[in-house]
Structure formats: structure tokens, C-alpha cells
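There's a structure below that I have some questions on.
Readers should treat all values here as calculations from the given coordinates under stated rules, not as data from a laboratory. As the structure is a computational prediction, the values presented were derived from the model and not from experiment. A quick note on method: Cβ atoms are made from the backbone with ideal geometry, for glycine too, and the neighbour counts reach across all protein chains shown.
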Amino acid sequence: MHVDQSEAMQAPERVVHRYFCTFTATAADDWDAVVRYVENKPEPKKADFVPKSDDEFRSLPTAIHGAIVD
């Protein structure tokens, strides 16, 4: 993000700062956060993940599993 211009302004009860910015490169997650902030939207709810046992590695033969580890 590049700050093109900034200025302090007197609000009724306090000084606020206003920034005019140019976004140069923004990751998708960061862009979503900016949009939520600008549009005053709440954070999305966290998804509940059900823990599962990780038995997929057992489908590989022992020789291949050993080669991966080495």
C-alpha cells in the first residue's frame, strides 16, 4: 500500500486522520479484510473442523513410505 496523501482533520470531539492510499499488491485475504473494514461488515465465523485420524499414509507400501521419510 502506498500513502498518496494524508491529513489531520478536526472532528467534533477529537482529531482524526484521513489517508488516501493506492493498493499496489494485496493478497486475497488482506483484500477481504479491507472490504470488511470499509463496508463495516463483521468477521466471518470460523468453521468448526471435525478432527479425523490421519491414516492415509498407511495405504503406501513400507518401502515408499521409508523413501519419503528419508
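Order by neighbour count: Phe49, Phe23, fewest other Cβ atoms within 10 Å first, most last.
Phe49, Phe23
In whole Hz and in residue order, list the ³J(HN,Hα) couplings for the range 43-49 that follow from phi through the Karplus curve 6.51 cos²θ - 1.76 cosθ + 1.60, θ = phi - 60°; x for Gly and Pro.
4, x, 5, 6, 6, 7, 9
Now a separate question. Would you mind ranking His65, His17 by Cβ crowding within 10 Å, fewest neighbours first?
The fewest-first ordering by Cβ neighbours comes to His17, His65.
Right, another one. Counting other beta carbons within 10 Å of each Cβ, put Val34, Val69 in order, fewest first.
On the way: Val34 13, Val69 7.
In increasing order of surrounding Cβ atoms, one gets Val69, Val34.
Ok, one more. Label Tyr19 and His2 with points 7 Å out from Cα along Cα→Cβ: what is the distance between them in nm?
1.6
Moving on. Using Cα pairs closer than 8 Å and at least 6 residues apart in sequence, work out the relative contact order for the range 1-42, in percent.
So the answer I get is 35 percent.
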